[in-house]
Amino acid sequence: MSDVIAFGEVMIRLAPPHFQRLEQARSLDLEIGGAELNTAVGLVRLGRSAAWVSRLPDNPLGRLVGNRVREAGVCDQHVRYEADGRCGLYFLEFGAAPRATSILYDRADSSISRVAPGMFDWPTVFSGARWFHVTGITAALSPGAAGTVAEAMNAARAAGLMVSVDLNYRAKLWSREAAARVMGSLLPLCDVLMASEADAEHLFGITGGEFAAVAEALAGRFGVKVVVGTRREAPLVWRNRLAAVGWSAGFVYESPWYEVEIVDRLGAGDALAAGVIHGLLDGDLKKGIDYGAALAAIKHTIPGDLPWVTVEEVEAVLAGQGLRVRR
């Protein structure tokens, strides 16, 4: 029995070391990553229990992913190992100003992209859980995946769970028109929406002079109770300032700003989602915004997609402790 259920894809990540380009690489560092799993791991690191639901190929790469999921403390009892499909890959080139970090996907025909409604027993999956989390990335994988996301969200609501969606629009996965149509049909099924102001404008034409206006418009259109966003200033590829902001019932909650030296920014938004869910499980959006921003800030300093962070580190950042060596 887990507090939080997350549904989505995990890919194997391959990155050349030492800022190399892919075409000059002789070796590749291997990690795993996927938005929903990243969030589930963040929740486990904060002391919650979490389970990840997905399909993986029944081969060594699928088992590698399963091994890493369990190593991170996330329950994998609802993962299905199947003969069809493959494990998606993505290749990551780390950049340095003025060259941006870039990603090359190789994820077509992955096992999870072949999912269809009816493959998972959602009432059993959700038994005893309190929260369901999914992202727009999963819905983008295929029509079957989008249908399964809708099935899961409906089942979660029927079971009395809170439902969160990270909009996470990826232009490399689907068109703006398809994303607007599918996500526009899914968002009325969620309680907590994590979305950038840019995506709100790009997909739904929602604009506003400030975050509160965008959040109120999203809530008015889709009926969500909470909207969460990120503020980021990026003067350099490897140095940013960031903060988190949340809206609920007309009130806006903001975290402190954090200066971050970026070792690896992938998964930072998912870490933010973990902190937000953590706070909202305690009924405290301000706590969620503060924990989410601190967890996201620390995640920037950790190689790989997964947030290998401790509660003590998060609380030290929240307390404003400095950078002296801890002995």
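Any read-out appearing in this document is the output of simple, stated calculations on the displayed coordinates, not a laboratory observation. Remember, predicted model here, so these are calculated numbers, not experimental data. Note: ideal-geometry Cβ built from the backbone for every residue, glycine included; neighbour counts use all protein chains shown.
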Nearest-0.05 FRET efficiency for T124 and T207 at R0 = 41 Å, using Cβ-Cβ distance, is 0.45
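Per the Cauchy relation, a quarter of the hull surface: what is the mean projected area of the convex hull of the alpha carbons in segment 1-128, in nm²?
Mean orientational projected area (segment 1-128, Cα hull): 9.1 nm².
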Given unit charges at Cβ for Lys, Arg (+) and Asp, Glu (-), the dipole magnitude of the chain about its Cα centre in debye, nearest 20, is 340 debye
Dividing the mean separation of Cα pairs under 8 Å (6+ apart) by the residue count of segment 94-236 yields a relative contact order in percent of 19 percent
Once normalised by the length of segment 4-314, the mean sequence separation of its alpha carbon contacts under 8 Å that are 6 or more apart gives a contact order in percent of 16 percent
For R232, R68, ascending order of other Cβ atoms within 10 Å (fewest first) is R232, R68
Filtered hits (lysines, Cα-Cα < 26 Å from K225, offset >= 8 within chain) -> K286, K287
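Give me V263, V165 sorted ascending by neighbouring Cβ count inside 10 Å, so fewest comes first.
Details: V263 13, V165 27.
The order, fewest Cβ neighbours first, is V263, V165.
Under a Cβ-only charge scheme (Lys and Arg +1, Asp and Glu -1), can you give me the dipole magnitude of segment 13-150 about the Cα centre, in debye to the nearest 20?
Dipole magnitude for segment 13-150 comes out near 260 debye.
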Among G62, G128, G304, the residue with the largest mean-square fluctuation in a Gaussian network model of the chain built from Cα contacts under 10 Å is G128
From fewest to most C-beta neighbours within 10 Å, the residues T124, T101 line up as T124, T101
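For segment 110-248, which semi-axes, largest first and in whole Å, follow from the square roots of 5 times the eigenvalues of its Cα gyration tensor? Walk me through the numbers on the way to the answer.
Numbers: eigenvalues 140, 64, 43 Å².
After diagonalising the Cα gyration tensor, the semi-axes are 26, 18, 15 Å.
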Expected max-MSF residue from L92, L64, L295 in the GNM of the chain (alpha carbon, under 10 Å) is L64
